[in-house]
1. Condition (residue is in a helix (DSSP H, G or I), closer than 25 Å to residue 136 by Cα and free of Cβ contacts under 8 Å to residues at least 40 places away in the same chain) applied to the range 22-40: is it met by at least one residue?
2. Specify the residue that is modelled with the highest pLDDT; the eligible residues are those in the range 129-143 that are closer than 22 Å to residue 84 by Cβ and surrounded by fewer than 16 Cβ atoms within 10 Å (Cβ to Cβ).
3. Mind listing just one residue for me: the one in the range 66-88 that is touching a residue at least 60 places away in the same chain (Cβ under 8 Å) and either hydroxyl-bearing (Ser, Thr, Tyr) or over 23 Å from residue 159 (Cβ atoms) (or both) and, of those, least open to solvent (accessible area, probe 1.4 Å)?
4. So residue 54 passes all but one of these: (1) in a helix (DSSP H, G or I); (2) over 26 Å from residue 146 (Cβ atoms); (3) charged (D, E, K, R). Which condition number does it fail?
5. Against the condition modelled with pLDDT of 90 or more, under 28 Å from residue 142 (Cα atoms) and either basic (Lys, Arg) or outside any strand (DSSP E or B) (or both), how does residue 48 come out, does it pass?
6. Considering only residues that are farther than 30 Å from residue 57 by Cβ and open to solvent by less than 50 Å² (accessible area, probe 1.4 Å), which ones fall in the range 100-112?
7. When you scan the range 79-87, do you find a residue that is farther than 25 Å from residue 145 by Cα and not hydroxyl-bearing (Ser, Thr, Tyr), even just one?
Amino acid sequence: DPVGRQESAPAYFEIFVDHAVQHGEVYATVDPGSGDLIGVALWFPFTRSIPPPRDYDLRLKDVCGSSFDRVRELDAALEVHHPIHPHHYLAFLAVRPDKQNLGIGSALLGRHHARADAAGIPTYLEANDLRNRDLYLRHGYVVETMIQLPDGGPPILRSISDNAR
């Protein structure tokens, strides 16, 4: 349900922002004129053990309501395909729609990639949008597999940085 998804999205992403603040890294950029947040990237360093988000199932039930089981199916499908070798995971990259195509997403990726590449650590992500896929391909990602979600969910592209090869 697109309307329900849009209404619950801020609370859903809040779970992961809270988690990234505690166990990952948050890259953000603001509009210099207004001070408004215009882009953010959430990274998790899977070079060490990371616990799940605090009270994840409870918080997810509050956010997703009747879609809880479907969201947990998504989580399970992604987890099965998640790499087990050390890597940095890009959980989310978002740029305000009116600020897209200005290089903001590339800058957010580039900053973290410089650090990961210098340390020889591969990066990993999943993408479900072809436009996003093109951005990631330009930044050295290689599509390894396509994850097909149950019940007609969108295909998810499983991608890893080419420095991992």
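The values are calculated or read from the model by the stated rules, or taken from the named source; none is laboratory data. Only a predicted model underlies this, so the values are computations on that prediction, with no experimental measurement involved. FYI the Cβ positions are ideal-geometry reconstructions off the backbone, even for glycines, and counts take in every protein chain you see. To get the accessible areas, we keep the full protein, side chains included, count just its heavy atoms, and leave off ligands, DNA and RNA. Shrake-Rupley method; radii C 1.70, N 1.55, O 1.52, S 1.80 Å.
1. Start the filter on the range 22-40 by keeping residues that are in a helix (DSSP H, G or I), which leaves 22-23.
Subsequent filtering for residues that are closer than 25 Å to residue 136 by Cα retains 23.
Next cut, free of Cβ contacts under 8 Å to residues at least 40 places away in the same chain only: 23.
Among the residues of the range 22-40, at least one is in a helix (DSSP H, G or I), closer than 25 Å to residue 136 by Cα and free of Cβ contacts under 8 Å to residues at least 40 places away in the same chain, which makes the answer yes.
2. Restricting attention to the range 129-143, the residues satisfying the condition of being closer than 22 Å to residue 84 by Cβ are 136, 140-143.
Retained after the next criterion (residues that are surrounded by fewer than 16 Cβ atoms within 10 Å (Cβ to Cβ)): 142-143.
Values: 142: 90, 143: 86.
Top of the filtered list is 142.
3. 67
4. (1)
5. Numbers: modelled with pLDDT of 90 or more: yes; under 28 Å from residue 142 (Cα atoms): yes; either basic (Lys, Arg) or outside any strand (DSSP E or B) (or both): yes.
Yes; evaluated as a whole, the condition is true for this residue.
6. Restricting attention to the range 100-112, the residues satisfying the condition of being farther than 30 Å from residue 57 by Cβ are 100-107, 109-111.
Correct list: 103, 104, 105, 106, 109, 110.
7. Taking the range 79-87 and keeping what is farther than 25 Å from residue 145 by Cα, we get none.
Looking for residues that are farther than 25 Å from residue 145 by Cα and not hydroxyl-bearing (Ser, Thr, Tyr), one finds none in the range 79-87, hence no.
One line per residue, one yes/no per condition, for (1) over 15 Å from residue 27 (Cβ atoms); (2) more than 16 Å from the chain's Cα centre (by Cα); (3) not polar (S, T, N, Q):
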| position | (1), (2), (3) |
| --- | --- |
| 57 | yes, yes, yes |
| 64 | yes, yes, yes |
| 71 | yes, no, yes |
| 76 | yes, no, yes |
| 79 | yes, no, yes |
| 95 | no, no, yes |
| 106 | no, no, no |
| 128 | yes, no, no |
